Amino acid sequence: MKRLLALLATCATVLGLTAATSPQATAAAAGCKVDYTVTSQWSGGFQAGVKVTNLGAPVTGWKLGFTMPDAGQKVTQGWNATWSQSGSAVSVVGLDWNRTLATGASADLGFTGTFTGANPKPTAFTLNGVACTGSVEEEPPPVPGDGTPVDINGQLHVCGVNLCNQYNRPIQLRGMSTHGIQWFDQCYNSASLDALANDWKSDLFRIAMYVQEGGYETNPAGFTSRVNSLVDMAEARGMYAMIDFHTLTPGDPNYNLARAKTFFASVAARNAGKKNVIYEIANEPNGVSWSAIKSYAEQVIPVIRAADPDAVIIVGTRGWSSLGVSDGSNESEVVNNPVNAANLMYAFHFYAASHKDNYRAALSRAASQLPLFVTEFGTVSATGGGAVDRASTTAWLDLLDQRKIGYANWTYSEADEGSAAFRPGTCSGSDYSSSGVLTESGALLKNRISTPDSFPTS
Ligand code: IDC
């Protein structure tokens, strides 16, 4: 389903620029393209997204310039770049992490501003002095039966240490996790799921159903039905849905054993006929031994299998799904005493700013012995907040790509914390696609996830 952008050099009048008077109008290739979107507007103020795509030679270091047509229009705060304004001229300079733009690459920027009178769109966009008159055409969004991840890969199964598709070939699924659906339910709707499938080109949607903290235990029927409807929404868009029984506090999954049996008996029966469902039976066991987790798994798995025999199941591991590393142990406790079930994978979680080389070493060792799925990770610290650690995140994702280990990023939400992909307030609007709604973490993940998949088909 991943489509390459077709770069077109045209004299289109993006943003109403009068291309006919521009020297670029007749050039073979335009230097750049800008998508400008006002994502929200209120009395005297507004928020806008600016996505700049380099259509010329690669640049290392860029400056975007544009003109505010109305004297009352002022940038008050910008992000993902250094912003300044002098009179009507705005200049925006790339940061270390987005200053390099290959041909066809984009930077996602945004700002809030004030205005008096009208709020016309800015004009005269330039990138390093070259007018942005190009256009980029994207193919229409895919529909099921037309190359979506589920259409291509079909029913998944575990093969050796890999996740395999219907052609028995190893694949990697890349996608996003919800935040707790008891808190951020407003973020999961047709528009946001469309954006995830078509724009992020995500293979996977993890549905984090907390059990405590206002989750499942407070309304079993309501949460079960909401999970089912999110599974359907993912299916309609050709994405895999991972049903995450999000145990966290208390850390012993056996505390929720009866609830897990009830919940999984119900969702497994209801979704047995679907090809897009993966079951994750315990998010992050903590303060509990591996043997207790294994015992929990060996009681829950048969309940799922009785209703849905062929689905892949994933079990959390000791120490917040660190294969025991966060408890001073390691993968050998699982290798030496695996769960007695087939078609099973083990969860490994990391938060890039907190978990680095020793965790990567454990994952690398374990990857040749156990089927692993990174069902949750963050670009930030284990609190879910703080700064994005780009170097560690990149090292992690490169490793997962090499090993074809699937992943879901925490979170596809507008939570006011560094791990969230969207800026606070995004989910009260309907725009989940333009660059102005993305945080630094969201922009990074969208860049990684939206690159073409290479799913084998024979
Ligand atoms: C965090 C949320 C935060 C919430 C907290 C407690 O980001 O808003 O207050 O949970 O519920 C995990 C967990 C995941 C955590 C996340 C970040 O699976 O629930 O979410 N994290 O702390 N494991 C490691 C980190």
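Taking the criterion of being within 16 Å of the ligand (Cβ to nearest atom) and either of a type in the set (Ser, Thr, Tyr) or closer than 18 Å to Lys201 by Cβ (or both), the residues of the range 427-447 that qualify are Thr439, Ser441, Gly442, Leu445.
Listed by position, the strands (runs of 3 or more DSSP E) enclosed by the range 4-75 that each have at least 3 residues that are modelled with pLDDT of 90 or more are 32-42, 45-54, 63-67. If I go through the range 86-120 residue by residue, how many of them are part of a strand (DSSP E or B) and of a type outside the set (Asp, Glu)? So the answer is 16. Tell me, please, whether a residue that is in a loop (DSSP other than H, G, I, E, B), in contact with a strand residue (DSSP E or B) (Cβ under 7 Å, 6 or more places away or on another chain) and away from the ligand (no atom under 16 Å from the Cβ) can be found in the range 358-372. Yes - at least one qualifying residue is present in the range 358-372. Within the range 327-357, being more than 16 Å from the ligand (Cβ to nearest atom) and aliphatic (A, V, I, L, M) holds for Val334, Val335, Val339, Ala341, Ala342, Leu344, Met345. Exactly one residue out of Arg206, Arg226 is among the basic types (Lys, Arg) and assigned to a helix (DSSP H, G or I), and it is Arg226.
Just one of the numbered conditions (1) more than 20 Å from Arg270 (Cβ to Cβ); (2) within 16 Å of the ligand (Cβ to nearest atom) is not true of Gly215: (1).
When residues in the range 214-245 are screened for being within 18 Å of the chain's Cα centre (by Cα), under 22 Å from Pro285 (Cα atoms) and not small (Gly, Ala, Ser), 3 of them pass. Away from the ligand (no atom under 16 Å from the Cβ), in contact (Cβ under 8 Å) with a residue 12 or more places away in the chain, buried (at least 16 other Cβ atoms within 10 Å of the Cβ) and under 27 Å from Ser419 (Cα atoms), is that true of Arg318? Answer is no for this residue.
The values are calculated or read from the model by the stated rules, or taken from the named source; none is laboratory data. Here the structure is a predicted model, which is why all the values come from computation and not from measurement. When we count neighbours, we look across all protein chains shown, and the Cβ atoms used for this are built from the backbone with ideal geometry, even at glycine.
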